[in-house]
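These notes concern the structure reproduced below.
The values are calculated or read from the model by the stated rules, or taken from the named source; none is laboratory data. Predicted model only: the values in this text are computed from it and were never measured. We place every Cβ from the backbone using ideal geometry, glycine too, and count neighbours over all the protein chains shown. Please note that ligands, DNA and RNA were not included when accessible areas were found on the heavy atoms of the full protein model with its side chains. Shrake-Rupley method; radii C 1.70, N 1.55, O 1.52, S 1.80 Å.
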Amino acid sequence: MKHITLDTAHALGFLHHEKMTTIGQRVKVAHLSLEQSTCKGNDFLGWLRLPSETDEALLDDIIATADNLRSRCDAIVVAGIGGSYLGAKAVIEALKNQFRPCSPEILFAGNNISEDYLAELTDYLKDKRFGVINISKSGTTTETALAFRLLKRQCESQRGKEESREVIVAITDAQKGAARKVAEIEGYKTFVIPDNVGGRFSVLTPVGLLPIACAGFDIRQLITGAREMEKLCSSEVSFNDNIAEQYASMRQMLYGEGKKIELLVNYHPKLHYVAEWWKQLFGESEGKQSKGIFPASCNFTTDLHSMGQWIQDGERTIFETVISIEHPRKVLSFPADDDNLDGLNFLAGKRIDEVNKMAELGTRLAHVDGGVPNMRILMPELNEFYLGELIYFFFLSCGISGVMQGVNPFDQPGVEAYKRNMFALLNKPGYEKESEEIRRKLQ
């Protein structure tokens with residue numbers, strides 16, 4: 001069986017040899033601190049054994065619930081923000097046909113406070129049988145709670161209260177919180193967000209699995225891939241064979257050499273939201289104490305015609321990690337043209353993927369020559385199994401990298417700053433002091 005692989009050859013030349021001699025020991029210490037629950041934030045390590053500990057009965061329940069929603073709905077709206085939607089959206093967008101919606105259509109809300117977005121969404125749903133998956137541990141997150149209020153009311157208005165109970169599902173805390181209370185009062189089907197799994201690590205829980213199953217994709221294969229990577233990257237596996245440890249250590253060594261920005265690059269538009277999910281995972285985990293690699297992303301070859309100049313010749317504070325797909329799903333060859341006015345007949349008969357692969361290789365070589373260290377993650381195919389491997393690979397690499405950096409990779413204290421200001425400006429009860437202080441600043 002093939003697995004995803006990591007190539008670091010085009011990054012090693014940018015590192016000092018003396019730092020590389022001790023990195024294997026450092027990364028093992030960080031990895032063991034995760035497995036032995038001695039690291040900072042060790043009460044949020046539930047993701048570490050999640051693939052191997054996922055119960056088949058839970059998967060059966062999720063699939064049965066998804067089948068019920070699929071049979072009753074033209075559209076399913078996933079209400080959630082951050083990790084409560086990005087992981088599911090990443091997997092769904094990677095697997096679905098880019099020009100045809102899933103059946104039923106999977107829509108997302110609760111991840112912004114745009115009046116136009118919500119008005120257009122509710123208008124779009126007016127003539128549709130829709131259901132809702134409400135994802136919130138507390139039930140009080142402003143963006144998600146606002147969207148759910150609107151969607152709940154509209155669903156009940158269009159389908160009636162009794163039928164709405166059959167197509168609204170809550171994924172929330174096991175016992176407490178507003179979302180749990182509403183679900184119990186209304187009689188909604190519920191799934192639990194584990195207490196020891198943070199939002200950005202939650203795609204392999206019902207948070208991600210239910211929307212993915214509703215889109216018609218194989219969540220058992222997703223979990224199976226993650227289980228394989230859990231075994232392949234155990235701390236018992238040697239550093240030379242452990243791609244999660246290698247990626248984490250390379251990131252931290254490059255950071256130590258002044259490479260402050262990591263670009264996650266793909267040559268496959270289906271991976272756009274994988275990069276968006278990755279940015280939250282690493283940005284929210286490492287960006288603390290005035291430290292942390294800034295996670296950015298580019299879609300090539302598209303962005304080579306916009307960001308390519310900066311990447312090739314700009315400030316040398318970046319490194320790239322390229323996700324490459326070995327075998328595309330479709331076969332399409334470059335056509336010949338009798339007039340050959342564009343001069344491209346030399347490509348006639350070649351697979352379009354071969355042209356794309358040469359663009360990838362040529363770009364990697366050019367960027368390395370331009371001073372940009374380059375790593376490559378190779379996925380044999382873009383399917384549920386390999387996405388499961390990729391997700392767990394990034395989970396573990398992120399945890400190890402954050403521990404090596406000396407921060408708690410599993411909290412997000414900075415996220416609360418905007419909320420305090422927003423609540424103060426909106427005169428939320430209990431924020432009177434903050435309201436007074438912020439209005440004084442604005443004068």
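A few points about this structure:
- Here Ala174 clears all of (1) over 19 Å from Asn68 (Cα atoms); (2) within 23 Å of the chain's Cα centre (by Cα) except the condition numbered (2).
- For the stretch 345-391, the candidate set comprises residues that are assigned to a strand (DSSP E or B) and either in contact (Cβ under 8 Å) with a residue 24 or more places away in the chain or open to solvent by less than 10 Å² (accessible area, probe 1.4 Å) (or both); within that set, the residue that is farthest from Glu326 (Cα to Cα) is Asn374.
- Those residues of the stretch 280-303 which are in contact with a Leu (Cβ under 7 Å, 6 or more places away or on another chain) and in a helix (DSSP H, G or I), in sequence order: Gln280
- Across the stretch 3-36, the qualifying residues are those that are modelled with pLDDT of 95 or more and assigned to a loop (DSSP other than H, G, I, E, B), and the one among them that is least open to solvent (accessible area, probe 1.4 Å) is Ile4.
- The single residue among Val192, Val91, Val167, Val132 that is touching a helix residue (DSSP H, G or I) at 6+ places or on another chain (Cβ under 8 Å) and open to solvent by 50 Å² or more (accessible area, probe 1.4 Å) turns out to be Val192.
- Test: Ala147 is open to solvent by less than 20 Å² (accessible area, probe 1.4 Å) and within 19 Å of the chain's Cα centre (by Cα): no
- Matching residues, the stretch 75-87, being in contact with a Phe, Trp or Tyr (Cβ under 8 Å, 6 or more places away or on another chain) and either over 13 Å from Asn134 (Cβ atoms) or surrounded by fewer than 19 Cβ atoms within 10 Å (Cβ to Cβ) (or both): Ala75, Gly83, Leu86, Gly87
- Cβ-Cβ contacts under 8 Å between residues 6 or more apart (or on different chains), taken from a first residue in the stretch 202-222 that is open to solvent by 10 Å² or more (accessible area, probe 1.4 Å) to a second residue that is modelled with pLDDT under 95 and among the polar types (S, T, N, Q), are listed as Gly216/Ser103.
- Within the stretch 177-188, none of the residues are crowded, with 24+ Cβ neighbours inside 10 Å, more than 13 Å from Ile81 (Cα to Cα), of a type in the set (A, V, I, L, M, F, W, C) and at pLDDT 95 or above.
- Looking only at the stretch 223-274, residues that are surrounded by fewer than 22 Cβ atoms within 10 Å (Cβ to Cβ), in a helix (DSSP H, G or I) and of a type in the set (Asp, Glu) come to 2 in all.
- Residues (assigned to a strand (DSSP E or B) and among the hydrophobic types (A, V, I, L, M, F, W, C)) located in the stretch 309-335: Ile318, Phe319, Val322, Ile323, Ile325
- Residues located in the stretch 47-59, provided they are touching a helix residue (DSSP H, G or I) at 6+ places or on another chain (Cβ under 8 Å) and either open to solvent by 70 Å² or more (accessible area, probe 1.4 Å) or not in a helix (DSSP H, G or I) (or both): Trp47, Leu48, Arg49, Thr54
- Every pair of residues 6+ apart whose Cβ atoms lie under 6 Å, when the first sits in the stretch 301-325 and is closer than 23 Å to Tyr255 by Cα while the second is open to solvent by less than 10 Å² (accessible area, probe 1.4 Å) and in a loop (DSSP other than H, G, I, E, B): Ile318/Val372; Phe319/Pro373; Glu320/Val372
- Residues of the stretch 392-422 that turn out to be in a helix (DSSP H, G or I) and buried (at least 17 other Cβ atoms within 10 Å of the Cβ), as a count: 14
- Residues being part of a helix (DSSP H, G or I) and within 25 Å of the chain's Cα centre (by Cα) - total across the stretch 117-144: 6
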